[in-house]
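The values are calculated or read from the model by the stated rules, or taken from the named source; none is laboratory data. From a predicted model like this one, the values you see are computed outputs, not experimental measurements. In this analysis, Cβ positions are derived from the backbone assuming ideal geometry, glycine residues included, and neighbour counts consider all displayed protein chains.
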Amino acid sequence: MRPTLPIAVVSLLASVASAQGTPQQNDVDGSLLIRNVRLFDGERVTPTTSVLVMNGRITRVAPTISAPARTPVVDGSGKTLLPGLIDSHTHTWGTALRDAAALGVTTVLDMFTEPTTAADFRKLDGTPAGRETADFRSAGVLVTAPKGHGTEYGMAIPTITSPGEARAFVDARIAEGSDYIKIVYDDGHTYGIKFATIDKPTMKAVVDAAHARQKLAVVHIGDLAGARDAIDVGANGLVHLFVDSMPDASFARLVAARKAFVIPTLSVLESVSWGEGGRAVAKDPKLAPYIPAANVQTLEQTFPKRSSNPPRELAFAMETVRQLRAAGVPILAGTDAPNPGTAHGASMHRELELLVKAGLTPVEALRAATSVPARTFSLTDRGRIAPGLRADLVLVNGDPTADILATRDITGVWKRGVEIRRDAYREEVAKTAAQTASGTFPVPSGSESGEVSDFDAGQPTVKFGSGWFVTTDQLAGGKSVAAIKIVSGGANGTPGALEIAGTLDAGLPFGWSGVMFAAGQTAMAPVNLSSKKELRFFAKAEEGRPYAIMMFTRSKGQMPAIQRFTASGDWKEVVMPIASFAGTDAHDLMGIAFVASGTPGPFRLVIDDVRLR
Ligand SMILES: [Zn+2]
């Protein structure tokens, strides 16, 4: 029997229904009603209510709402509804946006990636291709000195040395699409590395130039002194805290007085301080089914244990968060994924846990991942659950406003009212894990001809696999550096080739420096290339010095099989049987690295027409 509704309620429902229409059927903007749910709306908690979403937008929040025709209804009893989480510090490529969305992060604020990749990611939201991916904003290329932090990843990036260049430099970033300006002010000493850095007047000029263009200026710092300088020149926010020293209360007072915000990135500082947080995340039974094997590998790493003075204590950053909170400074949750010890999506839940350990209440930690970053970065259409806003939503079992670990018990994620297909994602993760366990790996699509790269299109593109990445012994605590770029004048009169230039440092007995071809869909994901018998490529180099190919296979773990080759001033084809790499048949190939090894010093190697036959 249907209950009889009072006339006023009936007419109200009718007007709501006609204003909203009936749900459209598409994959971009969805509709649903979530009933009887505890609501954290981005600011505060309502014990029981209902939320109606029509065509991608939240339209009503009220204790009782009737479902319009053809609108799916979700029972929220025993559950809590949160705004989609915002990770305020990531670096984004490959599958990052999908990994993030599967674990409730529906918006990522990237703090340095390659600008054409960023442009592609920005276009995804609201398209069928962006159905499963987090929405994206990015600083694009960061602002750093020649040989500064940010130049060590091998991507050739513009750099800056003086205040006079700031205007043009910032304008060039904005022309590339940068949503905000990220500055590096860090000489690396906290981490036992030597980087060049811009000076304080240059930092100030860049901050001023960003503000003249109505862009936020945020700063990567490595220590307390750098943090003070950044706030002093008027930066809007810090994208890290520091682990070198314990501040006194004057630091938090300074940050508060200048109305700056802070993204502490405790997750990555924990890894910098050699903590085990990443491993704990990878092992969490609530998260693990949604963490791809490649991301598990990253989570299980920490930063290298280089000698360092000052010490690195996560406790310093935790205490600083406590002081900043007490001073009323806005705190934003960011992970710095995918640095060692972190992963897209998964580490957001660790960051929330660490913020609570640092003294935020669970509600404050949830604000740091929702309404606070939305307000700070002027994302006015999200970060809260209120009529008119995007229906980016996370539904979890239990009550994360009382126990922050409950954010991990996700039962549903919606972006623009469309449910992320977490079951399909989980099945893919399980399949890849099973392949990894059994040693049977997929043949990469596009690998039939065996051609990897001809470097003729102006970019280091690949016919299969995930691309070319700089690899150096910094992974093992060394200090070698390398950078790659496309140069003209390839082998056999072709237009382009890949130059790998750098310095092999003498610090490690088995150091290396060069470039790696990652054969799988993500870095170090194994693939089956057992149909190929030879590696062939052209090489040339000005210095007469030894080079080597390092072949990484799953069965050999971290230990590559190595074959040496020499290169001279003229192009020469190098042919190596795959079996010559410790007898491998490439059924579990992860990557092939082209490196300088053996003799320390500078090098410049050019390769072209890389293929497996
Ligand atoms: Zn970062």
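Here are some notes:
- Cross-chain or 6+ apart pairs with Cβ under 6 Å, the stretch 261-272 first and touching a residue at least 60 places away in the same chain (Cβ under 8 Å), then within 11 Å of the ligand (Cβ to nearest atom) and small (Gly, Ala, Ser): Ile263/Ser88; Ile263/Gly334; Thr265/Gly334
This table checks each residue for (1) among the hydrophobic types (A, V, I, L, M, F, W, C); (2) in a helix (DSSP H, G or I); (3) surrounded by fewer than 24 Cβ atoms within 10 Å (Cβ to Cβ); (4) free of Cβ contacts under 8 Å to residues at least 40 places away in the same chain.
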residue: Gly140; (1), (2), (3), (4): no, no, no, yes
residue: Ala145; (1), (2), (3), (4): yes, no, yes, no
residue: Tyr153; (1), (2), (3), (4): no, no, yes, no
residue: Gly164; (1), (2), (3), (4): no, yes, yes, no
residue: Arg167; (1), (2), (3), (4): no, yes, yes, no
residue: Ala172; (1), (2), (3), (4): yes, yes, yes, yes
residue: Asp187; (1), (2), (3), (4): no, no, yes, yes
residue: Ile198; (1), (2), (3), (4): yes, no, no, no
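- Of the helices (runs of 4 or more DSSP H) contained entirely in the stretch 339-416, those carrying at least 3 residues that are within 16 Å of the ligand (Cβ to nearest atom) fall at 346-357.
- Residue match in the stretch 431-443 (condition: within 26 Å of the chain's Cα centre (by Cα) and part of a loop (DSSP other than H, G, I, E, B)): yes
- Selection within the stretch 145-183 - of a type in the set (Lys, Arg) and within 15 Å of Ala212 (Cβ to Cβ): Arg167, Arg173
- Only one of the numbered conditions (1) farther than 30 Å from Gly341 by Cβ; (2) within 16 Å of the ligand (Cβ to nearest atom) is not met by Gly30, and that is (2).
- Scanning the stretch 294-328 for residues that are modelled with pLDDT of 90 or more and among the charged types (D, E, K, R) returns Glu300, Glu313, Glu319, Arg322, Arg325.
- Pairing residues of the stretch 106-118 that are in contact (Cβ under 8 Å) with a residue 60 or more places away in the chain and within 17 Å of Gly345 (Cβ to Cβ) with residues that are within 10 Å of the ligand (Cβ to nearest atom) and not in a loop (DSSP other than H, G, I, E, B), at Cβ distances under 8 Å and at least 6 apart in sequence or on separate chains, gives Val108/Thr90; Leu109/His89; Leu109/Thr90; Met111/His89; Met111/Thr90; Met111/Lys182; Met111/His220.
- Every condition in (1) more than 20 Å from Leu352 (Cβ to Cβ); (2) surrounded by 24 or more Cβ atoms within 10 Å (Cβ to Cβ) holds for Asp135 except the one numbered (1).
- Qualifying residue in the stretch 112-134 (condition: out of contact with any helix residue (DSSP H, G or I) (no Cβ under 8 Å at 6 or more places or on another chain), of a type in the set (Asp, Glu) and within 30 Å of Leu32 (Cα to Cα)): yes
- For the stretch 113-140, the set of residues classified as of a type in the set (A, V, I, L, M, F, W, C) and away from the ligand (no atom under 13 Å from the Cβ) consists of Ala118, Ala119, Phe121, Leu124, Ala129, Ala134, Phe136, listed by residue number.
- Filter result (of a type in the set (A, V, I, L, M), under 22 Å from Asp423 (Cβ atoms) and over 14 Å from the mean Cα position of the chain (by Cα)) within the stretch 103-142: Leu124, Ala129
- Cβ-Cβ under 7 Å pairs, at least 6 apart or on other chains, the stretch 382-409 side closer than 16 Å to Glu43 by Cβ, far side of a type in the set (Ser, Thr, Tyr) and in a loop (DSSP other than H, G, I, E, B): Gly383/Thr370; Arg384/Thr370
- Identity of the residue in the stretch 226-278, away from the ligand (no atom under 16 Å from the Cβ) and of a type in the set (Val, Ile, Thr), that ends up surrounded by the fewest Cβ atoms within 10 Å (Cβ to Cβ): Val233
- Filtered residue count, the stretch 96-131, keeping only those that are acidic (Asp, Glu) and at pLDDT below 95: 2
- For the stretch 80-94, the set of residues classified as at pLDDT 95 or above and away from the ligand (no atom under 15 Å from the Cβ) consists of Thr80, Leu81, Leu82, Pro83, Gly84, Leu85, Ile86, listed by residue number.
- Qualifying positions in the stretch 371-399 - more than 19 Å from Leu33 (Cβ to Cβ) and of a type in the set (D, E, K, R): Arg375, Asp381, Arg382, Asp399
- The stretch 557-573, subset outside any strand (DSSP E or B) and not hydroxyl-bearing (Ser, Thr, Tyr), residue farthest from Ile484 (Cα to Cα): Gly557
- Flag if Asp570 is out of contact with any Phe, Trp or Tyr (no Cβ under 8 Å at 6 or more places or on another chain) and within 25 Å of Val527 (Cα to Cα): no
- Pairing residues of the stretch 551-569 that are of a type outside the set (Lys, Arg) with residues that are crowded, with 17+ Cβ neighbours inside 10 Å and assigned to a helix (DSSP H, G or I), at Cβ distances under 9 Å and at least 6 apart in sequence or on separate chains, gives Met551/Ile578.
- Every test in (1) at positive phi; (2) modelled with pLDDT of 95 or more is passed by Lys147 save one, and that test is (2).
- Hits in the stretch 574-613 (condition: acidic (Asp, Glu), farther than 17 Å from Ala539 by Cα and in a strand (DSSP E or B)): none
- Answer residue from the stretch 239-289, given it is touching a Ser or Thr at 6+ places or on another chain (Cβ under 6 Å) and among the polar types (S, T, N, Q) and is modelled with the lowest pLDDT among those: Ser271
- Applying the criterion of being part of a loop (DSSP other than H, G, I, E, B) and either touching a Phe, Trp or Tyr at 6+ places or on another chain (Cβ under 6 Å) or closer than 11 Å to Tyr290 by Cβ (or both) to the residues of the stretch 95-112, the residue that is farthest from the ligand (Cβ to nearest atom) is Gly104.
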